[in-house]
Amino acid sequence: MLPNADNTLFAWMCDIRRSLHRLPELAYHEHQTSALIARELDNLGIPYQQGLAGGTGIRAEIGSEKGNAPCVALRADMDALPIVEETGLPFSSGRPGLMHACGHDGHVAMLLGAAKLLRDMELAGKVVLFFQPAEESGNGAAAMIADQALSGVEMIFSAHIDTHYPVGQITVDEGLICSFTDPFTITIHGSGGHAARPHEAVDSVVVACNLVMNMQTLVSRQINPNQPAVVTVGRIEAGTVHNVIAEHAILEGTVRSAHRETRERVLQGLERVILGAADMCNAEIKLKFFDSLPAVVNDVWATSLARKAALAVVGQEGVCSQGQPSLGGEDFSFYQQQVPGCMVRIGGCRQDRTAGPAHSARFDFDEELLRYGAVWFAEVASSSLENMIYSR
Ligand code: NI
């Protein structure tokens, strides 16, 4: 029978979501978030391990250990973003400059909701819950794996809130759904001088501008237009005052791509653009990649189980496809490199449609989605365990 998120459970999840929304914490600093989750797990009588992945990660366990019972994991991420909130919500961020702008507050709430449902169900094996730090930056999933969080786990599922879809829709897609992500920093070393005498200096601002413009031709001229890719420079820093030529400049950006060959081409192209600019401008330029993420590739079997659970929760009319792969990155991909897994998107567009998109200062979602998220999590875990026993 399908688990049921009644009004009491729903109100409890909303409370948790709002408490977390008031207390956004950045990657690897989710201390109060982690403490709140531990308190709720204590109240539910669910055993857990704390202090994983740099200190804030939690791994909880529900169900039997017996024999060779199967084991599946469910994952929620819990970090916030450095954004000044402008939603005007009564439970807005209490920490200036920080905001839950990607729905991770909701992810934690719905996984705790699922925990409560699963605790009261008859399970054919064990369900492990991951409350993971640092999804937005820092690759918290890899840190969870390094701390043996996947030990015994045979399959893993996750769900991301997505306000492109209304409440009651769940997207389920096999194969690649989130792209390769390669963040980078470029450091330019020129030489400073008087604004009126450029011939005595190497102007880092001009080098930076050159680089940014040339990088844009990588995607438009060197990549198969049928294979999506993006190069974005999100931050430039240079100079101190209007009449001094800047000696240094720093660029921060990210490469996104949905195919392995495309990724290689863009990364190699970036190296060439930098070599060219360095040569042309007589500057020293260094390129460094950090926190690269593999693509999220949903496993065939795990996806079929995720779809079955979604059909049970939202029916035929509620299950849909996200269409093209997203050029967003997700460190859920690290788990999928170890065990088969599937990530779905839970629709949650607010009915008044006045909220902003994810990662914006006005992001918000319809809390009604928490019911669907919690029930889908519980259903996919319990039905997968049964399916796994059956196929042994
Ligand atoms: Ni997110």
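The values are calculated or read from the model by the stated rules, or taken from the named source; none is laboratory data. As the structure is a computational prediction, the values presented were derived from the model and not from experiment. All Cβ positions, even for glycine, are placed from backbone atoms using ideal geometry, and neighbour counts span all protein chains on display. We work out accessible area using only protein heavy atoms, side chains counted, and drop any ligands, DNA or RNA first. Shrake-Rupley method; radii C 1.70, N 1.55, O 1.52, S 1.80 Å.
Assorted remarks:
A quick yes/no check of all residues on (1) in contact with a Leu (Cβ under 6 Å, 6 or more places away or on another chain); (2) within 30 Å of Ala11 (Cα to Cα):
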{"position": "Ser92", "(1), (2)": "no, yes"}
{"position": "Gly97", "(1), (2)": "no, yes"}
{"position": "Ala109", "(1), (2)": "yes, yes"}
{"position": "Leu129", "(1), (2)": "yes, yes"}
{"position": "Asn139", "(1), (2)": "no, no"}
{"position": "Asp147", "(1), (2)": "yes, no"}
{"position": "His160", "(1), (2)": "no, yes"}
{"position": "Gly192", "(1), (2)": "no, no"}
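- Residue count for the range 227-250 under the criterion of being under 18 Å from Met215 (Cβ atoms) and either assigned to a helix (DSSP H, G or I) or not hydroxyl-bearing (Ser, Thr, Tyr) (or both): the result is 13.
- No other residue among Asp366, Asp331 is of a type in the set (D, E, K, R) and touching a Lys or Arg at 6+ places or on another chain (Cβ under 9 Å) apart from Asp366.
- A search for C-beta distances below 9 Å between a residue of the range 106-127 that is in contact (Cβ under 8 Å) with a residue 24 or more places away in the chain and any residue that is open to solvent by less than 10 Å² (accessible area, probe 1.4 Å) and charged (D, E, K, R), counting only pairs 6+ apart in sequence or on different chains, returns Gly106/Arg17; His107/Arg75; His107/Asp77; Val108/Arg17; Val108/Asp77; Ala109/Arg17; Met110/Arg17; Leu111/Arg75.
- Of residues in the range 16-47 being free of Cβ contacts under 8 Å to residues at least 60 places away in the same chain and in contact with a strand residue (DSSP E or B) (Cβ under 7 Å, 6 or more places away or on another chain), the one nearest to Gly138 (Cα to Cα): Ala38
- If you go through the range 94-120 and keep only what is out of contact with any Phe, Trp or Tyr (no Cβ under 9 Å at 6 or more places or on another chain) and more than 16 Å from the ligand (Cβ to nearest atom), you end up with Gly94, Arg95, Pro96, Gly97, Arg119, Asp120.
- Here Gly253 passes the criteria (1) of a type outside the set (A, V, I, L, M, F, W, C); (2) assigned to a strand (DSSP E or B); (3) open to solvent by 40 Å² or more (accessible area, probe 1.4 Å) except the one numbered (3).
- Boolean, Gly168 is within 16 Å of the ligand (Cβ to nearest atom) and under 19 Å from Ile346 (Cα atoms): no
- Taking the criterion of being farther than 15 Å from Ser326 by Cβ and polar (S, T, N, Q), the residues of the range 174-201 that qualify are Thr185, Thr187, Ser191.
- Among the residues making up the range 140-154, a single one is surrounded by fewer than 24 Cβ atoms within 10 Å (Cβ to Cβ) and touching an Asp or Glu at 6+ places or on another chain (Cβ under 8 Å): Ala142.
- In the range 338-369, the residues that are closer than 22 Å to Ala27 by Cα and part of a loop (DSSP other than H, G, I, E, B): Pro357, Ala358, His359, Ser360, Ala361, Arg362, Asp364, Phe365
- The lone exception for Val72 - which of (1) under 19 Å from the mean Cα position of the chain (by Cα); (2) crowded, with 23+ Cβ neighbours inside 10 Å it fails: (1)
- Flag if Ser292 is small (Gly, Ala, Ser) and within 19 Å of the chain's Cα centre (by Cα): yes
- Criterion (open to solvent by less than 10 Å² (accessible area, probe 1.4 Å), touching a strand residue (DSSP E or B) at 6+ places or on another chain (Cβ under 9 Å) and touching a residue at least 40 places away in the same chain (Cβ under 8 Å)) met by exactly one of Val296, Val339, Val313, Val300: Val296
- As a summary of the residue check, Ser137 satisfies the conditions (1) surrounded by fewer than 21 Cβ atoms within 10 Å (Cβ to Cβ); (2) more than 13 Å from the ligand (Cβ to nearest atom) except for the one numbered (2).
- Test: residue in the range 2-16 that is in a loop (DSSP other than H, G, I, E, B), in contact with a His (Cβ under 9 Å, 6 or more places away or on another chain) and among the polar types (S, T, N, Q): no
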